[in-house]
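To keep things clear, I will list the structure first and then write my remarks on it.
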Amino acid sequence: MGGQRVEAAPTGYVSVVSDTPSAPADDGPGVPRAAWGLVVAPIVFVVGWAVAGATVDGYSPRRQAISDLAAVDSPRRWPMFVVFLLYGLAMVIGSLALRHSVVRTAAVAAVVNGLAVIGVALTPIHQSSAIDGRHGNAALLAYISLAAMPILAAWGLTRNGQRGAAVGSVVVGIASIVALSAAYGNDYVGLLQRSGTTIGHAWILAAGVGASMVSTKRKSPVQVSGVTLKRAQPRPVPLSSRWGCRGRSCARR
């Protein structure tokens, strides 16, 4: 009909729906690959500031912010620019995996976090008060979205029956935002900033590893040219067959 090619059902299957185009699956082979963005992002970020900080003379990771490493007058400006950029892109890609998981409520926050960190990279400090202000706004948005991810994910975890994981996720989000909030105006801004971001990044890493391990081979009906096929169920054996008689011979008994 309508030029549609009809194929015979494979052995062991029966067709149950026809004339309906095959709908794409909720997730596909690309989703587990996208989840690796959630693994790469926090690793790149932590390794980036750790290596850059260790190679700048006089830099104190406890008393100086991560943004100081990416300032226009920093010898590690461009390496940190690349770190921020890679992190942001990886988070945007990783959000695709979150969108197709039980913690899909955190996907938007992941996108916002990635774009905010890219904004941090594009507005290095120590240029002007205007640029510093934009940098601060981007950093604030990055902090809020980072802490929001595990908190928003708790909703999906609760609906999925994982209440323990949901509680833990909320605790992670609260701990992250408390540490990041305390960093403002604190002499140990670097220590508190790194503590808050690392707590959030640990959650992202765990989410990425979990999503990447999910198999895409779901037990779903087979699609052949728009026809949904299900495994044929064995038909019940008639009582007459069990008694060893068939047709009219049984009726005469």
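Structure notes:
To keep it simple, each residue is scored yes or no on (1) part of a helix (DSSP H, G or I); (2) outside the structural domain of V112 (by TED's automatic domain parsing); (3) at pLDDT 95 or above.
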{"residue": "A34", "(1), (2), (3)": "yes, no, no"}
{"residue": "V39", "(1), (2), (3)": "yes, no, yes"}
{"residue": "V56", "(1), (2), (3)": "no, no, yes"}
{"residue": "R62", "(1), (2), (3)": "no, no, yes"}
{"residue": "S67", "(1), (2), (3)": "yes, no, yes"}
{"residue": "F81", "(1), (2), (3)": "yes, no, yes"}
{"residue": "F84", "(1), (2), (3)": "yes, no, yes"}
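- Set G88, G164, G136, G156: member being farther than 14 Å from W203 by Cα and in contact with a Ser or Thr (Cβ under 7 Å, 6 or more places away or on another chain): G156
The values are calculated or read from the model by the stated rules, or taken from the named source; none is laboratory data. In this text, all values refer to a predicted model and were calculated from it rather than measured experimentally. When we count neighbours, we look across all protein chains shown, and the Cβ atoms used for this are built from the backbone with ideal geometry, even at glycine.
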